[in-house]
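Worksheet for the structure shown next.
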């Protein structure tokens, strides 16, 4: 139990990693505070060293950004922690040895995950299998067969517990778990919410026999804006992402492109040009994704994968800024507007250091006046 009378949110004491209870509680509270996302969370930890110190600094930072902030109430965080434990789940912090190295390598990894099940699967060779929700019968069979073969070969098969291809990949992996292989489900809701409802039993089976992962707090319904966050986790956990069947504008293609931008292998199964559900896969292959036709193709690609993707779907990597002691935030508000602009461009135009620019952005973000967009861009609200 913690000093606040709630279960200790850190991992059990007999594991190699255990945060001090106060710091673990403060990290959860910091991340649940309005306007604190992964980017600002990590910047604050780098600057202040501990979440407890970052929480104390929030009011002053928000005031300098022209607004106010109230940290998440302690009682609400205590209730969340008790709920997580009651579900048989636990927290996985970004600097825990159990936190997967591939996911940590992303530019914006989730600072805290809620997990249920066997997190040893996160250390296995991993393949994400994604695709259409309204998949054809043939594609569903392919996803099930690929999931089974890859799990039997000792891989962790990762997907999003959606209808169609996702569900088929999970079911195939569950039916053929062997040699340490299995399946990992990543959801866009809280760890206690099943979506879609028809996959409730499947989600529970994944949690009991494999691993279930959520970034959102318990009780969070799966809103549309949460799915891109889930997709980045799916792509980030896997060495390679396989798209079985997908329309040109689909979440599956977003996941594939996120995988490419993270430097991972991107694979696709070709389909008939007469079926619109195959157009996304065919487009990926035309753009440079690797064409695969069997589980053996996937395994061969993963064995040979050295970190340099065969597809041109990768964006240049951005280096995280370092913060000098007591660094003065840059004066950049005049450079910002409603149109998103790259942070690198703000650094160039302001002439300030990356750390000074980021501190100014953090102040505006905590004050509720800044929005972060994809590809490292920001704008004023």
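Bear in mind that the values in this text are calculations on the coordinates, not laboratory data. Keep in mind that what you see is a predicted model, and the values were worked out from it rather than measured. Neighbour counts are summed over all protein chains in view; Cβ atoms, including those assigned to glycine, are modelled from backbone coordinates with ideal geometry.
Å³ per residue of the Cα convex hull, for segment 167-273?
On the way: hull volume 13.3 nm³, N = 107.
So the per-residue Cα hull volume is 124 Å³.
On a 0 to 90 degree scale, rounded to 10, what angle separates helix 137-152 from the longest Cα axis of the chain? Orientation of helix 137-152: about 70 degrees from the principal axis.
Which FRET efficiency, nearest 0.05, do residue 46 and residue 229 yield, Cβ-Cβ r, R0 30 Å? Approximately 0.90, to the nearest 0.05.
To the nearest ten degrees, helix 200-209 and the longest principal axis of the Cα atoms of the chain are 80 degrees apart.
Taking other C-beta atoms within 10 Å as the exposure proxy, 140, 347 rank 347, 140 from fewest upward. Scattering from segment 53-109 was approximated by placing one identical point on each alpha carbon and applying the Debye formula without solvent; log10 I(q)/I(0) at 0.15, 0.17, 0.30 1/Å stands at -0.76, -0.88, -1.03. Sorting 174, 291, 253 from the fewest to the most surrounding beta carbons within 10 angstrom yields 291, 174, 253.
Distance between the modelled labels on residue 335 and residue 286, one decimal in nanometres: 3.9 nm (7 Å Cα→Cβ projection).
For the Cα trace of segment 333-380, dividing Rg by the Kirkwood Rh returns an Rg/Rh value of 0.91.
On the basis of the beta-carbon distance and an R0 of 35 Å, residue 276 and residue 108 show a calculated FRET efficiency of 0.65. Remark: the Cα gyration tensor places segment 258-306 in the oblate category, a/c being 1.5 or greater and a/b not exceeding b/c. Computed over the chain, the per-residue total of -39500 (n - 2.57) for DSSP H runs of n ≥ 4 gives a 222 nm mean residue ellipticity of -12000 deg cm²/dmol, rounded to 500. A Förster radius of 41 Å combined with the Cβ-Cβ distance from residue 344 to residue 145 puts the calculated FRET efficiency at roughly 0.40. Computed on the Cα trace of the chain, the radius of gyration divided by the Kirkwood hydrodynamic radius gives Rg/Rh = 0.98.
Axis angle, to the nearest 10 degrees, between helix 74-86 and the longest C-alpha principal axis of the chain: 20 degrees.
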